[in-house]
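Single-structure report; data block below.
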Amino acid sequence: MEKINFEKELNKEQLKAVYHGEGPAFVLSGAGTGKTRVLTYRIIYLLDKGIPPDRILALTFTNKAADEMKERIRYLIPEKIKGIWMGTFHSVGLRILREKREFLNLPENFVVYDREDSKRILKDILPEEESPRVWIEKISKIRQEIYYPDEYEMQIVKKYVDTLRKNRAVDFDDLLILLLQLFKNKKIREYYQNKFLHILVDEYQDTSFIQYRILKILSKKHKNLFIVGDEDQSIYAFRGARVENVFDILKDFPDIKIYRLEKNYRSNEVILKAANEVIKNNRERIGKTLYTEKRKGDRIRIIECENEREEAENVYEIIKNYEPKDTLILYRTNAQSRAIEEVFNIKGVPYQIVGALKFFERREIKDFISYLKFLINPYDYVSFERLIQAPRRGIGEVYLKKIREAGEKKEISILDSLNDENLLKEFPQKVRKEIKKLYELFIDLRGKLYSSTCLDISKEIYERVNFISHLKRISTDNFNFQVRFQNIEELFASMREFVLREENPDLMNYLQNIQVRVDEDNFNKDFILLMTVHNAKGLESKIVIITGMEEGLFPHYLSLKNEKEIEEERRLFYVGLTRAKEKIFLLYSKERWRRGIRESVPSRFLYELPEDCVIWEKKEREFKEDKIFRRGDRVYHPFWGEGIILEVADGKARINFFKRGYVTLVLRKVQGLKKIYYNE
């Protein structure tokens, strides 16, 4: 086979990295700079230099990435691919555990349990009122030493692990935890340290603490650690990724050689300048500046919208001008898809949610809507079976079966069965009490069906059934709870919009309005793609639209008090920008119902974009002198710029100026403060 010409296949930056000699190397690979190409050719270079395939370990973060790299190498040098250790941390961990299982007293035929298998174990261990799903996440964090448990939690963990072993099984976390345990054996540790002459790591910025410890152990002897990553794209802290690993490796390997890949093959000059300027505001970075040979390109359009409905309408107006395959719609949280989905369904736009369920298919939304459906149709046993567990009421399958059979026997509705005295006599006092409360709720609400709006009825259900307790129970942690809580608030926001725009905003009409088309499971290039920015990592598109560019949304409100978390939010914005090849549209709303707050403030990140790279499309406005200022007023000051009044008290106004932040002004003394009035 013809010898590979590295100089022809790689640019100068890539070539230097691929030709790296002995010792540790960090390839700082910016977005769109060809990191996979560098990793592939580095492996080919090592094989070409005579390194035996079985002495090379290449670690990736997905099996798909490993498979793609194998295919590239197989295409270029098919005779040398066999023997390379290539895969995810977990798959390599499993391979080593199988090889050395006897040192951990693992049986020859041990199996790996997935999450559903683990849930079945936990159902037998946990009290009935506790959620296996919540405990899976908690146990994982405890075993990885991310979360420190109390005595009760440790007992649950012990029972869980003991049951795993009794069943001759390991779980997903065991593949790394047991690997570390195995490396405590000096003989085994030195065997693998000697074996792997070269270790290569993809997406290094996404490594967890336990993965970093494994890398340090394996590379201790030869120190030929070749890592490829980008601290500016470290966005998975919620999954355990540590951006600190990027800086720790510089301390632990002081002689590490850094190679910067800065030539971007994806985006135009405007996009890269904007992305570079934004990410420079982060302190936690090694630093690099992306450049391109592509022409300058169009300016980024920042579009101001009245509310999320108008934002969704604007998104539709933008996408009309482009092919679906060329367009990517991004947002910070899954709940934001709701308004876009509603508009797309009305307009008949085919779309696909990537990496998440559609809004009305999410568990907490389906659970809540089951109340509304049953209220409309008290014969709907499927909805009743769902709502009876949201929240749990101690009414299990046996009682549910009796309720259903009673209704069928007497040919009455499920709701009427709940008032059947003969039936209720068979139930314990606690169950009778819960059934009576539920019956009274639905009887009360059925009397209001056509005199109250869908929003009023929903609020009453939410309060009377203590639905928030259900959200807490089904959430894995506080972050997960906040996501579910936001989704319910987004549901209520859709009802508010419905009430404002419909002549007859009752519950029946609302339920008919929210019927969502079910997309095919397989990807269709004719569909518009919608996803969170997190899910867009690794993708690219000619046109990128990012919605919800507001303080408290992007950056997320949970990060606002922590500079470290603000930096991760900024990295996330940087990732969003660098998905685009040609054009970017950034949208924000002046009003958005979120956590009980209606007013919205443009994201700080919008003001970090260089002025010569953006066109800001704001509503037409007038600036008027007015001595009476109220909470929620939009204002302008010649020095501070535009802002929103958050509070007025004792002759003072606390104002969030979009560019400057929070300022408190004495109204009788301040000069030049004017109200902004919008001309619609």
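The figures follow:
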| quantity | calculated |
| --- | --- |
| Residue 105 vs. criteria at positive phi and either loosely packed, with under 15 Cβ neighbours inside 10 Å or not small (Gly, Ala, Ser) (or both) | yes |
| Complete set of residues in the stretch 554-574 that are assigned to a loop (DSSP other than H, G, I, E, B) and surrounded by fewer than 15 Cβ atoms within 10 Å (Cβ to Cβ) | 560, 561, 562 |
| Where residue 133 falls short, out of the listed (1) in a helix (DSSP H, G or I); (2) farther than 20 Å from residue 212 by Cβ; (3) assigned by TED's automatic domain parsing to the domain that holds residue 216; (4) touching a residue at least 40 places away in the same chain (Cβ under 8 Å) | (3) |
| Test: residue in the stretch 20-40 that is closer than 24 Å to residue 249 by Cα, of a type in the set (Asp, Glu) and either without any contact (Cβ under 8 Å) to a residue 24 or more places away in the chain or out of contact with any strand residue (DSSP E or B) (no Cβ under 6 Å at 6 or more places or on another chain) (or both) | yes |
| Single residue of 288, 373 found to be assigned to a loop (DSSP other than H, G, I, E, B), in contact (Cβ under 8 Å) with a residue 12 or more places away in the chain and more than 24 Å from the chain's Cα centre (by Cα) | 288 |
| Those residues of the stretch 428-477 which are in contact (Cβ under 8 Å) with a residue 40 or more places away in the chain, surrounded by fewer than 19 Cβ atoms within 10 Å (Cβ to Cβ) and not in a helix (DSSP H, G or I), in sequence order | 449, 450, 452, 466, 476, 477 |
| Test: residue 204 is in contact (Cβ under 8 Å) with a residue 12 or more places away in the chain and among the aromatic types (Phe, Trp, Tyr) | yes |
| Criterion (more than 24 Å from residue 508 (Cβ to Cβ), in the same structural domain as residue 545 (by TED's automatic domain parsing) and surrounded by fewer than 15 Cβ atoms within 10 Å (Cβ to Cβ)) met by exactly one of 314, 321 | 321 |
| Residue that is modelled with the highest pLDDT [pool: residues in the stretch 115-157 that are within 24 Å of the chain's Cα centre (by Cα) and polar (S, T, N, Q)] | 140 |
| Members of the stretch 307-327 that are more than 26 Å from the chain's Cα centre (by Cα) and closer than 26 Å to residue 494 by Cα | 317, 320 |
| Selection from the stretch 648-660 of residues that are surrounded by 12 or more Cβ atoms within 10 Å (Cβ to Cβ) and part of a strand (DSSP E or B) | 648, 652, 653, 654, 655, 656, 657 |
| Residue match in the stretch 251-261 (condition: in contact (Cβ under 8 Å) with a residue 12 or more places away in the chain, crowded, with 22+ Cβ neighbours inside 10 Å and either more than 26 Å from the chain's Cα centre (by Cα) or part of a loop (DSSP other than H, G, I, E, B) (or both)) | yes |
| Members of the stretch 83-103 that are out of contact with any strand residue (DSSP E or B) (no Cβ under 9 Å at 6 or more places or on another chain) and more than 20 Å from residue 202 (Cα to Cα) | 98, 99, 100, 101, 102, 103 |
| Pair list, Cβ under 6 Å, 6 or more apart: the stretch 143-164 residue on the phi < 0 side of the Ramachandran plot, other residue in a loop (DSSP other than H, G, I, E, B) | 143/173 |
| Any pair with Cβ under 7 angstrom, 6 or more apart, that starts in the stretch 304-332 at a residue that is farther than 22 Å from residue 618 by Cβ and ends at one that is acidic (Asp, Glu) | 324/526 |
| Qualifying residue in the stretch 534-544 (condition: more than 27 Å from residue 262 (Cβ to Cβ), at pLDDT 95 or above and either surrounded by 22 or more Cβ atoms within 10 Å (Cβ to Cβ) or β-branched (Val, Ile, Thr) (or both)) | no |
| Residue 177 vs. criteria closer than 24 Å to residue 103 by Cα and assigned to a helix (DSSP H, G or I) | yes |
| Residue ID - surrounded by the fewest Cβ atoms within 10 Å (Cβ to Cβ), chosen from residues in the stretch 78-91 that are at pLDDT below 80 and in a loop (DSSP other than H, G, I, E, B) | 82 |
| Scope the stretch 207-220; condition in contact with a Lys or Arg (Cβ under 8 Å, 6 or more places away or on another chain), surrounded by fewer than 22 Cβ atoms within 10 Å (Cβ to Cβ) and either modelled with pLDDT of 95 or more or under 16 Å from residue 58 (Cα atoms) (or both); matching residues | 212, 217 |
| Residue match in the stretch 596-617 (condition: assigned to a strand (DSSP E or B), in contact (Cβ under 8 Å) with a residue 24 or more places away in the chain, among the aromatic types (Phe, Trp, Tyr) and surrounded by 14 or more Cβ atoms within 10 Å (Cβ to Cβ)) | yes |
| Selection within the stretch 543-574 - under 17 Å from residue 352 (Cβ atoms) and either among the basic types (Lys, Arg) or touching an Asp or Glu at 6+ places or on another chain (Cβ under 8 Å) (or both) | 543, 547 |
| From the options 309, 332, 338, residue that is under 30 Å from residue 634 (Cβ atoms), touching a His at 6+ places or on another chain (Cβ under 7 Å) and buried (at least 18 other Cβ atoms within 10 Å of the Cβ) | 332 |
| Members of the stretch 222-240 found to be assigned to a loop (DSSP other than H, G, I, E, B) and either within 30 Å of residue 194 (Cα to Cα) or not assigned by TED's automatic domain parsing to the domain that holds residue 35 (or both), listed by number | 222, 223, 224, 230, 240 |
| In the stretch 619-672, residue nearest to residue 590 (Cα to Cα) [restricted to those that are touching a residue at least 24 places away in the same chain (Cβ under 8 Å) and among the aromatic types (Phe, Trp, Tyr)] | 658 |
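Rundown of residues vs (1) hydrophobic (A, V, I, L, M, F, W, C); (2) closer than 23 Å to residue 488 by Cβ, yes/no style:
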position: 345; (1), (2): no, yes
position: 363; (1), (2): no, yes
position: 368; (1), (2): yes, yes
position: 377; (1), (2): no, yes
position: 387; (1), (2): yes, yes
position: 393; (1), (2): no, yes
position: 401; (1), (2): no, no
position: 404; (1), (2): no, no
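Listed here are the residues, each with its yes/no results for (1) surrounded by fewer than 16 Cβ atoms within 10 Å (Cβ to Cβ); (2) in the same structural domain as residue 340 (by TED's automatic domain parsing); (3) aliphatic (A, V, I, L, M).
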{"residue": "378", "(1), (2), (3)": "no, no, no"}
{"residue": "393", "(1), (2), (3)": "no, no, no"}
{"residue": "399", "(1), (2), (3)": "no, no, no"}
{"residue": "408", "(1), (2), (3)": "yes, no, no"}
{"residue": "414", "(1), (2), (3)": "no, no, yes"}
{"residue": "426", "(1), (2), (3)": "yes, no, no"}
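The values are calculated or read from the model by the stated rules, or taken from the named source; none is laboratory data. Model, not experiment: these values are computed from the prediction. Methodologically, a virtual Cβ is constructed for each residue, glycine included, from the backbone with ideal geometry; neighbour enumeration extends over all protein chains shown.
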